[in-house]
Every structure is written in C-alpha cells, then in structure tokens.
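The values are calculated or read from the model by the stated rules, or taken from the named source; none is laboratory data. For clarity, every value in this text was computed on a predicted model and none was experimentally measured. A quick note on method: Cβ atoms are made from the backbone with ideal geometry, for glycine too, and the neighbour counts reach across all protein chains shown. SASA here: full protein model, heavy atoms, side chains in, ligands and nucleic acids out. Shrake-Rupley method; radii C 1.70, N 1.55, O 1.52, S 1.80 Å.
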Amino acid sequence: FPVTITVGQWINRHVHVWYDKRDLVSRMLSYTNFLKIVSFLVGLLAGIWFFVSGNGNFLRSSIAGLAVGTNIYFLNQITTYNFVLNSLGFRIHFLVIQSITSSIALFFAYVFTQFAADAEFWLLGQSLGYIICNFTASVIFKSKIGNNQDIPKPKLTKSFLVEKPFTNFAIPFVIVTAMVWIEANGYRLIVDGIWTKDQLGLRKTKLANE
C-alpha cells in the first residue's frame, strides 16, 4: 500500500505534463511494469504467510496468494486509468467505470463466496470483476487518450522509477505513508497477540458504555 500509493501520487502530479508532452502512454506502461513486480511479490508473500500461519494447505495458500496479487494489480490499474480519465476531463467515463467496477466486483465476490465462504474466494471474485473492468477501462483509455499520444518510448518505459526526482519524492512519502498505516492498523499485530478478538470486542463495548 505505501509503495503503490506513492507512485500513484507521482502520476497525479505529472499527468497533465506528460499528456502535453505526449509521453503519457510510455509513463503508464512503466507504471504497469512496476505494478506487475509489486503484485507478484505481495501475492507471493501473502501465500507464504497464509501457509506458514496454518490457515490452509499448499493449494489454499496458493489460491490466497493468487487472489491477493491479482487483486492488487487490476484494482490499481483501474484506479489509475480512472484517475487519468477524470483529470483530463472525461468525467462521465470516470463515473461509468467507477460504478461498473464496484458493482461487478461485488457481484462476483458474492457468487464466489456461495461456493466457499472464505476470504480468498471473496478476493478471487473481486479480482475477476476487476479483470473484466480493467479490460473495459483500458479500451476507453486508449480510445480517448492513447490515440493522442506518441507510441511508447522504451527509454521512458524503463526509466520512470529510477529518475532522481521520483526517488527524492518517493522515499520520504513511503516512510510517512507506512507510519500512518502502522498507526492505523498496528493494533492487529500488537493487540491480537495479547487479546483475542472476542476479548477486544468486549473491552471496546465496555469502554463505549462508560
């Protein structure tokens, strides 16, 4: 999360400049390559954690890793396409994609959990919805924006994440974002080791009534 949101913020700041320079498609391809690496690594780590923590066998852990990785990749792709469309004035397309994505992802998540009421099947259902919507969003992006841009430039496609201005922006942003995430979600790692969820719920209920 801290890594993907950092790159997303960098794109937000430069989308109009890249569009004017006709480099937007090259930059988006660079982001896609980055996202593939992040999604694979996070999915792999999620599958390993799922297996080591005893939540399932190898097959179920593999499904969990696949669900997490595909979910991260396609959700971030759709979100980026959508933001760029909205930033460049295609607001109706933004609203349509946003609405369809939420509806289809929820529908498939519900269908998948009818076969097995587990978190990984919920994520798999969402991922299937995101895959369908990502295809739609990419077609709209190419038709509305891609035709006005130069063909992808290999140098820009490869160098997006190693440019010095990006690293100067990204390092402090990642640190701050990670600290905020830990502050908001750290109790899951700390409190869960001391109290069970039932005990924590009872304590929260008691505090709310005092």
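Observations on the model:
- Remark: accessible surface ordering of HIS16, HIS93 (largest first) is HIS16, HIS93, probe radius 1.4 Å.
- Prolate/oblate/rounded call for the stretch 1-142, Cα gyration tensor, a/c under 1.5 rounded: oblate
- For LEU66, the solvent-accessible surface with a 1.4 Å probe is about 100 Å², rounded to the nearest 10.
- For the set PHE34, PHE112, PHE40, the ranking by accessible area, highest first and with no ligand, DNA or RNA atoms included, is PHE40, PHE112, PHE34 under a 1.4 Å probe.
- Rough spin-label spacing in nm, given labels placed 7 Å along Cα→Cβ, for LEU59 and SER87: 4.4
- These residues, LEU45, LEU35, go from largest to smallest accessible area, 1.4 Å probe, as LEU45, LEU35.
- Its relative contact order, with pairs defined as Cα atoms under 8 Å and 6+ residues apart, puts the stretch 56-129 at 38 percent.
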